[in-house]
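Report on one structure; see the data block that follows.
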Amino acid sequence: MPATFGSGWKGRVLFWIAVAFSLFQVVTAFGIPLDFRILERVDWLTPITVIRVGFVLWFAWIVLSALRGRPMGEAAIAFLALLGAFELVTLYTGTLPNQVLRTVHVGFLCLTACGLLANADETSPPARIFWWGVGIVGFAIGLYHWWNYVELVNRAGDLTQADIVIGLAALTVLFLLVWRAMGIALPLVAGTFLAYCFFGSYLPAPFDHRGYGLDQVVEQMAFGTEGLYATPTAVSATFIFLFILFGAFMERAGVIDFFNDISMAVFGGKQGGPGKVCVASSALMGTVSGSGVANVVASGQFTIPLMKRSGFSGAFAGGVEATSSMGGQIMPPVMGAVAFIMAETIDVPYSKIVEAAIIPALLYFGACYWAVHLEAGKLGLHGLPKSELPSARAELRKSWYLIAPLLVLVYLLFAGFTPLFAGAIGLALTVALILALAVASGLATPALRIVFWVGFALISAASMTISMATVLMVVLALVVWNVFRGATGREVLRSCIEALADGARQALPVGLACALVGIVIGTMTLTGIGTIFGSWLIGIGKSSMFLALVLTMIFSLILGMGIPTIPNYIITSSLAAPILLQLDVPLIVSHMFVFYFGIMADLTPPVALAAFAAAPMAKVSGMKIGVQAVKIALPGFVVPYMAVYDPNLMLQPVAGLEGTSYWLAVVYIVAKASFAMILWGAAVVGYLYGKLATWERILATVAAALLVAALPITDEAGFILGALLVGQHLWRIRATPATA
């Protein structure tokens with residue numbers, strides 16, 4: 001997907017379409033009715049009326065300015081785009097029906113994505129016309145659902161010819177667009193499932209079904225909530241889009257630079273400092289951004305050259321960046337999009353998903369950190385000079401307030417509020433913080449700034465306790481203040497508008513994947529194909545749980561070689577997770593098992609997306625980076641197995657364990673997993689206190705495997721063998737200089 005909106009007037013049109021898309025999503029996420037009376041006794045005075053008056057005044061200003069000879073082309077484009085988005089909302093007075101929200105969301109995805117493809121520099125003029133046409137058709141399909149929603153509900157199950165044409169067009173547009181933007185793999189998988197709907201009746205038992213006509217398949221896939229507009233699209237249109245915007249605004253506020261500076265200050269001077277900075281900054285970035293490959297590109301431009309200059313090989317530097325950035329998807333509180341889909345799919349609070357991910361995420365990043373430490377020791381690398389490092393205390397003193405929205409977000413998630421509410425408040429506070437910083441910088445004296453910040457904190461806190469509308473009023477007041485501050489204030493507003501457009505662009509791959517993979521869900525609910533795979537896996541699992549887990553892992557890794565994490569999770573979890581549940585694997589653990597290997601697929605050769613994203617910066621082949629990434633991420637392959645056999649690792653309830661005994665069990669499994677990670681890292685790198693002999697690496701691998709295995713006395717054997725290995729290795733290293 002192109003990274004820019006293009007040049008010239010076409011680029012500006014697309015930019016404002018993206019801004020309108022984001023504002024549409026924000027307004028629908030806040031869910032505030034726009035038809036209430038502002039004054040109790042004045043029936044006509046509603047937010048809709050006030051906003052329409054604002055648009056009339058804006059239009060009059062554009063016309064008068066144009067008559068005076070001022071160039072108003074972009075203002076007119078912005079006016080039309082934002083007015084269109086506003087009218088989409090007002091037909092349903094601000095609270096769109098869920099089905100309408102999903103269809104218009106997909107329509108915006110198609111229009112914006114096709115516009116990006118059309119405006120790319122390498123696109124020929126005929127191709128530009130074609131892609132703009134495809135985008136307009138995709139958006140028109142969303143408008144069809146928007147305008148005919150009530151009629152479509154009333155005639156559900158009885159499609160007209162127009163409905164069938166619209167449904168076929170929706171399928172065609174999405175297949176074509178995803179193929180062009182994301183590659184052939186996902187359309188091939190979705191197309192196979194769609195073909196099964198039409199031709200599965202000709203297959204031999206037990207793979208056959210009763211057969212379905214064109215109208216039945218089109219209704220299942222393009223209408224209702226089981227196909228293109230299934231749960232993944234609903235999550236994309238709400239939680240995912242909102243948290244992507246949250247990340248975009250946090251980046252504009254300077255949070256990413258703050259995290260990099262803190263990581264550099266704390267870890268830059270340690271052994272292998274640049275590599276540890278990469279791990280730490282990726283872990284911190286993962287708290288606000290759940291996009292793995294995007295994090296590789298964003299932070300890798302800084303960390304990979306830094307690691308190479310310090311003495312790490314290009315392949316290892318790329319592997320560290322790929323591994324740690326992909327870990328962002330499992331790092332609470334803002335995990336990858338899959339976590340939101342998981343919460344909706346299994347109907348548990350998002351906070352429970354976060355809770356289950358905390359310990360595995362810490363183990364994952366701890367293992368990455370350990371691998372860097374060992375590799376640096378093996379190569380004899382040291383940290384960066386203190387003179388080149390920032391001061392952690394100074395950075396915290398200067399920019400501590402930047403993490404305030406993140407802290408509020410964490411509080412709201414664990415206080416029982418929905419992710420949608422928490423994300424909306426977090427986003428609003430981030431925007432308010434950016435605008436307030438601009439206002440404060442224009443105040444003349446420190447005393448005025450202190451008064452302003454105290455007032456801002458009190459008003460923001462009070463607004464959250466009143467209503468979402470009050471929070472928005474605070475943001476609106478700051479917008480107006482910046483409008484009248486002059487050039488500086490308007491520059492900040494432009495930055496916020498650019499963040500809206502950038503958030504919409506970042507949401508495209510996720511949203512398109514969610515829509516197309518809905519075909520898989522629709523096929524399974526229509527034909528019941530999932531039960532066939534399930535019966536086979538249950539049969540294996542009854543004789544060997546471990547073999548069933550291995551097969552699920554292999555299926556996920558193979559599927560992930562061609563498609564992104566989201567469709568990989570949706571397909572694998574639809575097929576395998578319910579079966580693991582029947583094999584007595586706890587609900588969240590079974591889905592997290594699938595989730596983890598969907599992430600690992602992006603690191604696993606031959607198609608390792610994260611590794612190949614790091615390749616241009618490391619100037620090494622993606623395959624070599626992928627091999628290093630697998631070595632570094634080995635704990636990521638092991639932790640899910642340990643959690644299946646001991647759910648304490650994901651803080652899940654275990655029968656017979658309560659209170660102190662439960663927490664002691666948690667401490668034990670964490671200690672066991674940590675020791676296994678230490679041994680495994682040493683075996684892979686070939687270094688502990690000094691270089692490991694071949695037989696020591698073999699013993700370290702055996703000891704780690706014994707700790708992971710869930711069999712009688714394997715824990716005891718693993719601890720004893722590991723302790724003996726570490727002890728004799730330390731004795732051998734210390735004795736070597738004396739005998740030399």
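Only the coordinates and a few stated rules stand behind these numbers; no lab work does. These figures come from a predicted structure and were not determined experimentally. Here the Cβ is made from the backbone with ideal geometry for all residues, glycine too, and neighbour counts use every protein chain on show.
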Report P(r) for the chain: all Cα-Cα distances, bin width 20 Å, range 0 to the bin holding the largest distance, values in whole percent. 16, 47, 31, 6, 0
Relative to the first principal axis of the alpha-carbon coordinates of the chain, what is the inclination of helix 404-414, with its axis defined by its Cα atoms, in degrees from 0 to 90 and to the nearest 10? 80
Going out from 0 in 5 Å bins, what whole percent of all Cα-Cα distances in the stretch 66-180 drops into each bin? 2, 10, 17, 19, 17, 15, 10, 6, 3, 1, 0, 0
Summed residue charge, Cβ within 11 Å of residue 692's Cβ, Lys/Arg positive, Asp/Glu negative: +3
Residue by residue through the stretch 204-211, what is 3J(HN,Hα) from phi via Karplus (6.51 cos²θ - 1.76 cosθ + 1.60, θ = phi - 60°)? Round to whole Hz and write x for glycine and proline. x, 4, x, 8, 7, 9, 6, x
The stretch 648-740: GluC sites (Glu not before Pro) in DSSP coil with no more than 15 other Cβ atoms inside 10 Å: 658
For the stretch 405-454, the fraction of alpha-carbon pairs in successive 5 Å shells from zero, as %: 5, 22, 21, 15, 13, 12, 8, 4, 0
Per residue of the chain, what 222 nm ellipticity follows from adding -39500 (n - 2.57) for every DSSP H run with n ≥ 4, rounded to the nearest 500? -25000 deg cm²/dmol
Loop sites in the stretch 636-740: chymotrypsin sites (Phe, Trp or Tyr not before Pro), DSSP, at most 10 other Cβ within 10 Å: none
Which one of 652, 311, 190 has its Cα pushed farthest toward the positive end of the charge dipole of the chain, where Lys and Arg give +1 and Asp and Glu give -1 at the Cβ? 311
If N is the number of residues in the stretch 590-734, what value comes out of its Cα radius of gyration divided by 2.2 N^0.38 Å? 1.20
Which angle from 0 to 90°, rounded to the nearest 10, does the C-alpha axis of helix 241-253 make with the longest principal axis of the chain? 80
Computed from the mean reciprocal separation of all distinct C-alpha pairs, what Kirkwood hydrodynamic radius does the stretch 387-538 have, in Å? 19.1
Placing +1 at every Lys and Arg Cβ and -1 at every Asp and Glu Cβ, with all other atoms neutral, what dipole size does the chain have around its Cα centre, in debye to the nearest 20? 2100
How much length, in nm to one decimal, is gained on full extension between residue 532 and residue 45, taken as 0.36 nm per residue of separation minus their Cα-Cα distance? 169.4 nm
Whole-Hz couplings from phi, Karplus 6.51/-1.76/1.60, listed for the stretch 731-736; x for Gly and Pro: 4, 5, 5, 5, 7, 4
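Show me 423-431, 494-502, 648-656, 10-18 ranked by packing, highest mean number of other Cβ atoms within 10 Å first.
423-431, 10-18, 494-502, 648-656
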Using r as the Cβ-Cβ distance of residue 7 and residue 477, and R0 as 41 Å, what FRET efficiency do you calculate, to the nearest 0.05? 0.70
The ³J(HN,Hα) series, computed from each phi in the stretch 157-172 with the Karplus coefficients 6.51, -1.76 and 1.60 at θ = phi - 60°, rounded to the nearest Hz and given as x for glycine or proline, is x, 9, 6, 8, 4, 5, 4, 5, 4, 4, x, 5, 5, 4, 4, 4
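Using Cα pairs under 8 angstrom and six or more residues apart, how large is the relative contact order of the chain, in percent?
15
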Give or take rounding to whole Å, what are the principal axis extents of the alpha carbon atoms in the stretch 660-740, in descending order? 51, 22, 20
Around residue 160 (Cβ within 13 Å, Cβ-to-Cβ, excluding residue 160; K/R +1, D/E -1) the net charge comes to -4
Working from Cα positions, state the angle (0 to 90°, nearest 10) between the long axis of helix 529-543 and the longest principal axis of the chain. 20
Loop sites in the stretch 5-112: GluC sites (Glu not before Pro), DSSP, at most 10 other Cβ within 10 Å: 40
Members of 619/672; 270/352; 352/619; 398/619; 624/691 lying beyond 32 Å, as alpha-carbon distances in this model show: 619/672; 270/352; 352/619; 398/619
Please list 318-324, 244-250, 116-122 highest first by mean number of surrounding beta-carbon atoms within 10 Å per residue. 318-324, 244-250, 116-122
Cα-derived Rg to Rh of the stretch 696-740, Kirkwood definition: 1.15
Can you give the local net charge around residue 299? Use residues other than it whose beta-carbon is closer than 12 angstrom to its beta-carbon, Lys and Arg +1, Asp and Glu -1. -3
